[in-house]
Amino acid sequence: MTDVWPLVHAERHALVDDLSALSDEQWRTPSLCAGWTVHDVAAHLVGNASPISVPGLVLAMARARFDFDRMNQADAARELGDGPAYTLRRLREVAGNTDAPPFVPLVVRLVEEVVHGEDVRRPLGIAHDYPLAAVVPALEHQVRTKVSIGGGRERAAGVRLRATDADVVIGDGPEVSGPAVSLLLAVSGRSEARADLAGPGLSALG
C-alpha cells in the first residue's frame, strides 16, 4: 500500500496548518480522545510519525509493562516539550516521514491521521474535507480489527454500515448510515459522531 504515504503526508500537513493559528487556550481544549487535550493528541501524532526499530518497540512496550495505552501516553509526554510551539514544530518536522511501527499494517497510518485529526478538529469547530481514498480503507480496517488492539470490530458487529458519500456497504443487520468519516469515528469509539448517523441499527452500534 505504497499509495498510503501521499495521503498520510497530506493529512499531516493539513493538520499542521490548522493547528498553527491556535491560542494557548485552544491547545488545552479536551479532544474527543478521552482524557487527552488537543496538545496531547498532537504530541501523540508526533510519536506515531517518528522512527522506531524492533528493539526500540520491544523496549518501549516492556517499559510500559506491555500496556499499549501506557506506551502511547509515554510517547506523547515526550513530545509535549515545553509547550505547544515545540510540539507544532516537531509535528511539522515529521510530517513527511515514512516510518511506521514494526508489525503494524500501513493502513493504520490512515486511521491515526483521520481519527485523531477529528479528535482535534471537532472540539475546536474546525471543518476538514478528508479524501475518501483515506477514509474508506481506514473504515474497512477498523471493522476488521478488534477493539482491544485499537479497532472497532465488536462495535460494528451485527449492523450494516452504509456510507452516504461513498459506494461503501459493510456488514449485515439493521442499517446505520451517514458520512464515511462519521462511521469511522463511531466504530473507533467516538460517540460524538453518532449525531451524524441514522438508521434502525444505530442503537446496536457499540
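The values are calculated or read from the model by the stated rules, or taken from the named source; none is laboratory data. Note that the coordinates shown come from a computational prediction; the quantities given were computed from them, not determined experimentally. Don't worry about glycine lacking a Cβ; one is built from the backbone with ideal geometry, like all the others, and counts go over all protein chains shown.
Tally up the residues in the stretch 171-190 that are buried (at least 20 other Cβ atoms within 10 Å of the Cβ) and under 17 Å from VAL115 (Cβ atoms), please. Break it down stepwise before answering.
Of the residues in the stretch 171-190, the ones buried (at least 20 other Cβ atoms within 10 Å of the Cβ) are 176, 178, 180-188, 190.
Next, only the ones that are under 17 Å from VAL115 (Cβ atoms) stay: 178, 180-188, 190.
Final tally of qualifying residues: 11.
Would you say VAL94 is buried (at least 17 other Cβ atoms within 10 Å of the Cβ), touching a residue at least 40 places away in the same chain (Cβ under 8 Å), in contact with a Ser or Thr (Cβ under 7 Å, 6 or more places away or on another chain) and outside the structural domain of ALA34 (by TED's automatic domain parsing)?
Here the answer is no, as VAL94 does not meet what is asked.
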Exercise for the section: Give just the number: which of (1) within 15 Å of the chain's Cα centre (by Cα); (2) at pLDDT 90 or above; (3) in a helix (DSSP H, G or I); (4) in the same structural domain as HIS9 (by TED's automatic domain parsing) does CYS33 not satisfy? Expected result: (3)
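How many residues does the stretch 1-30 hold that are β-branched (Val, Ile, Thr) and part of a helix (DSSP H, G or I)? Step through it out loud before you land on a result.
So the first thing to find is which residues in the stretch 1-30 are β-branched (Val, Ile, Thr), and the list is 2, 4, 8, 16, 29.
With the extra rule that they be part of a helix (DSSP H, G or I), the set shrinks to 4, 8, 16.
Within the stretch 1-30, residues that are β-branched (Val, Ile, Thr) and part of a helix (DSSP H, G or I) number 3.
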Practice task
Looking only at the stretch 155-175, decide whether some residue is touching a helix residue (DSSP H, G or I) at 6+ places or on another chain (Cβ under 6 Å), part of a helix (DSSP H, G or I) and in contact (Cβ under 8 Å) with a residue 60 or more places away in the chain.
Solution key: no
Practice task
Inspect all residues belonging to the stretch 75-85 and state whether any of them is within 19 Å of ILE149 (Cβ to Cβ), modelled with pLDDT under 95 and either buried (at least 16 other Cβ atoms within 10 Å of the Cβ) or touching a Cys at 6+ places or on another chain (Cβ under 9 Å) (or both).
Solution key: yes
Problem - Residue identified as touching a Leu at 6+ places or on another chain (Cβ under 7 Å) and crowded, with 19+ Cβ neighbours inside 10 Å among ALA133, ALA193, ALA166 - result: ALA193
